1. Charges on Cβ only, +1 for Lys and Arg, -1 for Asp and Glu, centred on the Cα centroid of the stretch 888-1041; of HIS955, LEU900, LEU1018, which one is farthest towards the dipole's positive end?
2. Calculate the spin-label point distance for LYS34 paired with TYR387, positioning each point 7 Å from the Cα along the beta-carbon direction, and give it in nanometres.
3. Compute the FRET efficiency between ILE813 and ASP905 as 1/(1 + (r/R0)^6), taking r as their Cβ-Cβ distance and R0 = 56 Å, and round to the nearest 0.05.
4. Can you compute 3J(HN,Hα) from phi for each residue in the stretch 227-242, using the Karplus curve 6.51 cos²θ - 1.76 cosθ + 1.60 with θ = phi - 60°, rounded to whole Hz and x for Gly and Pro?
5. Normalised radius of gyration for the stretch 31-172, please: alpha carbon Rg relative to 2.2 N^0.38 Å, two decimal places.
6. Using a Förster distance of 25 Å, how high is the FRET efficiency between LYS667 and LYS70, based on the Cβ-Cβ distance and rounded to 0.05?
7. In whole Hz, with x marking every Gly and Pro, tabulate ³J(HN,Hα) for the stretch 1014-1029 from phi via Karplus 6.51 cos²θ - 1.76 cosθ + 1.60, θ = phi - 60°.
8. Counting only residues 5 or more places away or on other chains, whose amide H sits under 5 Å from the amide H of LEU670 once H atoms are built in the peptide plane?
Amino acid sequence: MNKYLFFFLSIVSFFSSFAQNYNFKALYSTQFIKDEISIRLNNMLDFEFDEYGRAWILLTNSLVLYDGNKYESIPYSELGIPDYSFKEIYKNPSGGLYLVGYKNFSFQQGLKINLNVVILNPLLRTWSPIKSELLNNDNLINFYGFDNHTALINKKGIFYIKNKDKWIEKFKIPNDRITTIFPANQGDWHAYSEDTYFKLGKNGIIIDSTRIKASKIRDFIEFKGQNEKCFLQLENDKIILINKDYKVKNKISFPNNSINLKLVNHLFVDKNLRLWIKYQNKVSVYNEIGEIFQDFPEINNQDIFWIPRFPIKEDKLGKVWIHLGFGFFYNSLIENDIKFYFKNEGYSFRGLQQINDSIIYFNSYKGNGLLNLNTGLYTYFSTKNNYFLGAFFNEKKHCIYIGTNNSKYEIFNLDNFQVYKKNNIDNRFYHFVFLERGLNNKYFWLGDFGFQSFDMASDSLGTFFPLPSGHSSISSFLDMDSFYLVGTDRGLLKYSLKNKGWLSVAVIPKIRVTNIKYFKNRFLISTAANGLFVLNNKFETIGDIRKRLEPINKVIFSMLIGSDEMIWLGTEKGLYKVNPLNGKYNKYGISDGIFEEEFNWLSMLNLKNGEILMGTINGLVKFNPRKMIDSFSDFEKGNFYFSSIEINNNSNTRNRNGLFEYLNKGKITLNPNEYSLTLYPGFSNNLIGKSLLFFVKTPYLDDWQLVENFNSITLSPTAGKSNIQIRISHDSPEYFLKEINIPIYKLQYVLENKTFLWFAFILFLLMIGIIFFLRYRLLTGKNKELERKLAIRVNDLELNEQSLIYKNNKLAILNEERRRFFDILGHEVNTPLAGMKQLSHTFNYLLKRGEYEKALKIAQSLENSGTEISHLVDNLLTWSNLEKNTQLSRNLSFNIIDKLNSTVDLFIFQIHRKNIKFQLSLSEGFDGEINSDPNIISFILRNILSNAIKYCPEHGDIICTLNRENDVISLSVYNSSEVLSADNFSKMIGFSAVSSIPGTFQEKGLGIGLYMVHQLILIIKGTVNYDILPNGGVTAIINIKS
């Protein structure tokens, strides 16, 4: 019988232990963060975390930034980044992000066509091409990332890995078809081409290979913890496993089970070697031995259009993020098993006692009651007794002894929930604050002016021990059998039972002592203003531990020794775990699940199962001290930055000098006209959504100014040097996590600078003194008048010499121009005359032979040569008159259309020679009759038309337009041209003579035609302008008063 009973109890014990262990298993808490921008655009491709813990989501035409609070759309056009068809984003080991763009085609899977990589600075929102890292996009085959590294393969077949800020050459790829290489175990490498997996040795030598027949390879997934294996994602959206024997597997095998990969859309192995598998409509997590760790049933309720390319990533805190196209599925592991009660309900506690395994009695500012720890519900609650202080549970009598702020204590009966008041008490004792248990079943009531022994069996008070003068309000007590330690508002006292007298413990300052404990031959004394003291048995401070504990919060309200034999401190700012032997400590706050960080006095309790229950100003927190290993975040290692700086409320100036100067030089410089400075401070330690406050103080602010994370504050710096002091905190500037000081230099206008004004005034006085001194010397000089006359004479001679030099130079220039002119004149006259001589000889020869048609063509050429000589002579005569200032104007009535037609007839041979299309357009109602100088008009028409023909190309266009508006005749002559430009044409339009450009048939000229047009048009009070068209061509616009 006993054997069966023992067996039954063993089975019960085993399952009880299993259930308990299972209940303590840390699970992931999940949250959906909706991404309205990605929903609207519906083209999410990839995402990555920057060094500030913010998520950058890559879309086809823009980026989306999630900073933990909001999403922000950032188009590529806003950043000035060309659209390179970006498809991947990777973390840059030296800071920032890489954006990788390319084109890919189904028939060229694995090849990235037109590969372009840019480097994004996520803080400044600036970018630079990959050339800044001495790389060339044109030389890259692939660019990708793995396990906090980036890698590339260039067209020479060299494989590189980036380590921090350096690219390190590894080896030359052994097969030209390989496009991707990533780490295996023991220095070996995985690699693949479009359709083949390769296993490579340390130096890139091929160990083995496997052909993938099912589909083409699209991407790889690392198998952390089992790097000898890897996953390959195929183009048909299937995932396969390459086993350590280089065989293709469709399942992951574990000692006791296996996971089929056929229905898997995507998977990821996190830092804890847990396997995240994304199926069509759910996500499951398996541990490293293949057992199911957790399912997420809530994902079935989400309207998800699953796409296997949606990535899974892990941030530095071990949080796993999955972007489902409409937002993030965010998962954080609850390692510390922290539970909160009465969260945000306004409770603040003053006494806690455990009644049984699940029921807790509490006093609070809202009243007293009983709480069920398993359900979180009230068993009983009363708002009448909100003046209760400390609580003590008498298990035998099934009642609670309650201290009050009145001159009595009360008893709460747990059988009928009734409160009994004790009124027949010696009034000398005044308040009964809390009941404390001493050694040998002794009890003591502690109050404002002393303490009193108490017989729990008879509820009778014993000896009263009044406090010495100058001390009041007992806040802590410890019975050491031969003496008592009493903490008051004025320090720590020791009462000797042998000497019946009080001594003050000198090493403790005269401040409130909140708790006293004795543990492992050490006294632990917590205070409300000077932190924790660790004393030996001689009441001497253990110096090295005290020094190590210096950084912890100075205001300690509660202290106890946990089941893990560590000291737990509830402070004004955070929870601390302290090792009493060496002083090492950890801090826990909001980021660790301690939702409220200010704790209460008399409200810290060791539960029977080894957990700790603590009261805060806004709820109860319960945790397992053995699972509180390390805090998640260390703010001293965080990054402070400005998300933006605005000057004069102008966001366009945010990067002018403030942001760059602070980041590069550690200061901000303002110009005199920059009267305001708006700061957007930010702080991150790679924890997305961290709630922090910024307190800003400057010499011109009376007190600290509060700025929430990523909000702004506008300052008005005064002239000169000042300093901005920024403290990062959870709630107040006094208890800050980090402090930053930023110098500001505001430049001054010259007239505002007192130092400069004093310097200018002294300089002015000095100059006045020098002037008077020189004047005195000049007035008293013996040869003053002689020196003056001599100076004048010398000055006149110098002026005359300069005038002669100038005139001589001008004459030399004129002579050179005339010599050049006559050289050109001789050449230009000789050419048509020689032609005419040759043509005359040919003409006579053809006449004698009777070849009259050919002779007629020669006659036309003779006529053309004659026209050219006539035109040349006419220009020379006109130029001569202009040079002698004898060119006169005589107005007559004539028809300008006739003049224009006759001028065209003069050049009809040249027009036909180049096959020029000539057009004449007249305004409606204009008959051509004008009143002006016909000779000057004819000259102008000849030269303008001659130049149009000269520079018009073969088969070009000349368009003449004549119109009349009131008494102004407007003629525009357009000719197409490929010869003239704005630069060379400016030399021809009347600023100097003898400047010519060869025509389209290399026709030469004297270069005086347009010069004389410019001179003659002024005589008849007209204007001429030229318009060089961008697409080629010149328009001459002539306006003449009729």
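Coordinate-derived values only; no laboratory data. Keep in mind that this is a model prediction, so the values were computed, not measured. Neighbour counts are summed over all protein chains in view; Cβ atoms, including those assigned to glycine, are modelled from backbone coordinates with ideal geometry.
1. Of the candidates, LEU1018 comes out farthest on the positive side.
2. 5.1 nm
3. So, using R0 = 56 Å, E works out to roughly 0.90.
4. 5, 5, 10, 7, 9, 10, 9, 9, 5, 7, 6, 8, 10, 10, 10, 9
5. Taking N as the residue count of the stretch 31-172, the ratio is 1.06.
6. Efficiency at R0 = 25 Å is approximately 0.25.
7. Taking θ as phi minus 60°, the curve returns 4, 6, 6, 5, 5, 5, 8, 6, x, 9, 9, 9, 10, 10, 8, 7 Hz for the stretch 1014-1029.
8. It is TYR745, LYS746, LEU747, by chain and number.
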